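Report on the structure given below.
The values are calculated or read from the model by the stated rules, or taken from the named source; none is laboratory data. Remember, it's a predicted structure, so these values are computed and weren't measured experimentally. A quick note on method: Cβ atoms are made from the backbone with ideal geometry, for glycine too, and the neighbour counts reach across all protein chains shown.
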């Protein structure tokens, strides 16, 4: 009877250690880890490949917003938050251009908002780098006070406009109407319409926005609450190894709001009938399942010749909240055919 009690206590202690002590759990898991998983690499090592495809890191840093595709230039636009804490708080970010083969072309730093058609409208100039590739500050054809012009005169400009865009000048408390006429821009400014800008600038100027949408938004293919253990999914988690335990807050003592395990996940990814295997940071929660902070962007094939011939996709790895992900993993990766591409890691 005494032996049974000792054995029971031994196994109870072992179970408690396994459930709450990361070193013990990690050691046991690695002992029984199949050899096939030991061949997996982190994406940041730039070693993940199949017979036809490879995954390479092209940009370091946190992806901000969705990825855009310029149908006119056949280029992708990727917005990355500034890595400097102070500059990030001031709104600084970088836009990166990637060609349809996954090669980095150029970048532009800014802290201002970009219009839906990819133009930076400033007080006395504009920048159309997204389409033209030029970072030069270009002058407006005219800047006109809308509050002092006759409606008929304004309408005569509108009739000639190829594009009509609206934007707010917050520093000067104006609402502006931008008209693309021929190869330049005419700006109408109004202080009277500023208070109505957020409600309806079209109503104030009495003309609807007129534009051609050549920037396509590429949606994240990995939806919230993705079933990571579903073997029929295009990406699924084959195995998870816990490495360190995190507990919910005990009042404000340990300042965290989730309970679970930080660890390493082993993934299988399908891309164009090709299998790719890699490992990555994952947080396992008892409530919400697995959270690897992975996003994937695949150009749609339903835009005619715009995207039909594009054979690449993007993966974004982020580091949110109390994530234990190594900073060198954070960034944007391209899945592309096996050939040489430029890398711009931080």
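The table below lists the values:
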item	result
Criterion violated by residue 334 - all others in (1) part of a strand (DSSP E or B); (2) at pLDDT below 90 satisfied	(2)
Test result for residue 254, in the same structural domain as residue 166 (by TED's automatic domain parsing), out of contact with any strand residue (DSSP E or B) (no Cβ under 8 Å at 6 or more places or on another chain) and at pLDDT below 85	no
Subset of the range 74-100 [free of Cβ contacts under 8 Å to residues at least 60 places away in the same chain and surrounded by 14 or more Cβ atoms within 10 Å (Cβ to Cβ)]	75, 79, 81, 82, 87, 88, 92, 93, 94, 95, 97, 99
Some residue of the range 113-122 being closer than 27 Å to residue 336 by Cβ, in contact (Cβ under 8 Å) with a residue 60 or more places away in the chain, under 29 Å from the mean Cα position of the chain (by Cα) and buried (at least 16 other Cβ atoms within 10 Å of the Cβ)	yes
Filtered residue count, the range 207-233, keeping only those that are in contact with a helix residue (DSSP H, G or I) (Cβ under 9 Å, 6 or more places away or on another chain) and either free of Cβ contacts under 8 Å to residues at least 24 places away in the same chain or closer than 30 Å to residue 154 by Cα (or both)	6
Residue ID - nearest to the chain's Cα centre (by Cα), chosen from residues in the range 217-241 that are at pLDDT 90 or above, surrounded by 14 or more Cβ atoms within 10 Å (Cβ to Cβ) and outside any loop (DSSP other than H, G, I, E, B)	220
Which numbered condition residue 51 misses (of (1) at pLDDT below 90; (2) assigned to a loop (DSSP other than H, G, I, E, B); (3) over 18 Å from the mean Cα position of the chain (by Cα))	(1)
Inter-residue pairs, beta-carbon under 6 Å, first in the same structural domain as residue 163 (by TED's automatic domain parsing) and surrounded by fewer than 20 Cβ atoms within 10 Å (Cβ to Cβ) and in the range 176-195, second modelled with pLDDT of 95 or more and in a loop (DSSP other than H, G, I, E, B), 6+ apart	181/161; 184/141; 186/141
Matching residues in the range 156-165 - criterion: being out of contact with any strand residue (DSSP E or B) (no Cβ under 6 Å at 6 or more places or on another chain) and in contact (Cβ under 8 Å) with a residue 24 or more places away in the chain	158
Condition broken by residue 280, with the remaining ones in (1) at pLDDT below 85; (2) closer than 25 Å to residue 334 by Cβ satisfied	(1)
Test: residue in the range 107-115 that is assigned to a strand (DSSP E or B), in contact with a helix residue (DSSP H, G or I) (Cβ under 7 Å, 6 or more places away or on another chain) and in the same structural domain as residue 201 (by TED's automatic domain parsing)	yes
Residues being surrounded by 13 or more Cβ atoms within 10 Å (Cβ to Cβ), more than 25 Å from the chain's Cα centre (by Cα) and outside any helix (DSSP H, G or I) - total across the range 123-161	11
Matching residues in the range 316-330 - criterion: being under 13 Å from residue 43 (Cβ atoms) and either assigned to a helix (DSSP H, G or I) or at pLDDT below 90 (or both)	328, 329
